[in-house]
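Here the structure is laid out as structure tokens; the discussion comes afterwards.
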Amino acid sequence: MFPAILALGILALTALLVRAIHHRPQKPSETPTVENWLASQHAIVTFAYAGPNLPREQKLLLRSQPNSRLVAAFGIDNSLTTASVEVHDAFRRAAAKLVGNHQARWLVLYQAAEGIVSDWRQIGGASEADGARRLRLAEGVRCLCFRVVLVDVFGKAVGGGGAGFVGEGEGEGGRESQVDGEKGTKEDEDLVVVITKEINNQWVESKRNENLPRSKVLEDGLKRLKLVLPDGDGVPLTPEEALGLIMPQYETLWRVVLLTFVTAFHRVHGKAREEITRRTEGVPGCLGDSEKEKSALGLAKEGLRLFPSNKRIYRTGSEPADLERCHRRAEIWGDDALEFRPERFDSLTDLQKQAYFPFSIGQHKCPAYAGFGDRMVTMLVVVLGRMLSADVGVVVFDDEELDADGGGVKPLPTGRDDMEGWVLELL
């Protein structure tokens, strides 16, 4: 324990010296070029700011320290929160297995998502006191993403929409679907609402209180789900074990899906909307086929550019890397940097390729970088776009400027609290 603390102290001191050199006040003539600024952002993400040839243990220490609040709030021990190489490697192996490319899986997940959204329209769209029928978008998309993650990771579907338990199949995709066993219940569905709301509350509160105690409501809810790994020993996972597998996928997913859906299908109009429809017409069948899916995945790539899962990447002893600015800076992306244009990914410049890293860089990349993340975002956004399009309802932001901005000129706010009031008012 003492050597680890000592190592962290030395690293932090070194990093502060590096930071003092690189962040000293600059004269106008020293203003860095875009290329130099981008290199400085890469240096933070890759730990180069802390010196060359840094051992893996020390890199993990620098990365896990800013995420320590998640250990207190959720009890999770994974690649983002550990300083242990063994824990890190074990998590990476498990994650790589889960996100392996099985083409048959995408039809399964698409059909599951369709059933979930169909239920949401019927149950969540019940008339309110003023006679209007409204869907609470943040709550609904959180539940959609959580339930799809349960199907994907555990083979377990909850709620209605043909929900039950997804069994292992023998199709060429390896994890082909068949819904077996008992039907999911309305109680399960309500439980998912409670769990996803509590995860969000814990996440928000942990930023205010780094020693936030774990939520008994969340732990009890996960125990009631009785989550079991398909190839495990049949013993239900503890809440900590379940969250360790769920959080890296679910928590980085729902905000990107919501913001991309609202932008692509409710704030883009005319020929630009037609282009999005054309590009995604092969979903879900094209997903997993590297040639056929390329055009469709531009939807997710553009969503992840404008709305990256993490706006900042934190390392101990350094200013955070500003991922959002890397993805939006006009000198890199052009005068239309804030516009939603999936076609820009048909041909990126070398500088744009360097500036785009929603899944991190090099050996530090998230396991989802090799297509899984893009496919999951694309699949979920397309389901929502087809079933909750502008022909079905109107998005109301509870924000005068956004509600008056029918042409989608003003960028959407990306804070959790900003999205809580958004609703789809059904026509």
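The values are calculated or read from the model by the stated rules, or taken from the named source; none is laboratory data. None of these values were measured; they are calculated from a predicted model. Quick reminder, even Gly has a Cβ in these numbers, built from the backbone with ideal geometry, and neighbours come from all protein chains shown. Calculation scope for accessible area: heavy atoms of the full protein, side chains included, ligands and nucleic acids excluded. Shrake-Rupley method; radii C 1.70, N 1.55, O 1.52, S 1.80 Å.
Observations on the model:
- HN-Hα J in Hz across segment 395-411 - Karplus 6.51, -1.76, 1.60, θ = phi - 60°, x for Gly and Pro: 6, 10, 8, 6, 9, 4, 5, 5, 5, 7, 8, x, x, x, 6, 6, x
- For S318, the solvent-accessible surface computed with a 1.4 Å probe is close to 20 Å², ligands and nucleic acids excluded.
- Here the spin labels are modelled as points 7 Å beyond Cα on the Cα-Cβ line, and at S118 and R416 they lie 3.3 nm apart.
- Surface exposure of segment 188-330, expressed per residue as accessible area with a 1.4 Å probe, stands at 44 Å².
- Which of A330, P342, P367, positive extreme of dipole for segment 274-427 (C-beta unit charges): P367
- Cα Rg over Rh - segment 346-391, Kirkwood: 1.12
- When a 1.4 Å probe is rolled over the protein heavy atoms, the share of accessible surface on segment 297-384 that falls to carbon and sulfur comes to 44 percent.
- Stokes-Einstein diffusion for segment 270-409 at 20 °C, viscosity 1.002 mPa s, with a Kirkwood radius from C-alpha pairs, works out to 129 µm²/s.
- A probe of 1.4 angstrom, applied to the heavy atoms of all protein chains, finds E343 with accessible area near 60 square angstrom.
- Rolling a 1.4 Å probe over the protein heavy atoms leaves S79 with an accessible area of roughly 10 Å².
- Cut-off under 5 Å, modelled amide H: who pairs with K156 long-range: V151, V166
- Euclidean distance of C-alpha centroids, segment 211-225 and segment 389-427, integer Å: 32 Å
- Relative to one another, the C-alpha centroids of segment 67-92 and segment 309-329 are positioned 20 Å apart.
- Efficiency of FRET from Cβ geometry, E343 and E35, R₀ 25 Å, rounded to 0.05: 0.50
- Segment 69-109 - percent of accessible surface contributed by carbon and sulfur, probe 1.4 Å: 61 percent
- Full-extension gain in nm, R325 to T277, via 0.36 nm per residue minus C-alpha separation: 14.5 nm
- Per residue, the solvent-accessible area of segment 65-124 (1.4 Å probe, heavy atoms of protein chains only, all protein chains present) comes to 45 Å².
- Pairwise label distance in nanometres, N53 with D403, each label 7 Å out on the Cα-Cβ vector: 6.3 nm
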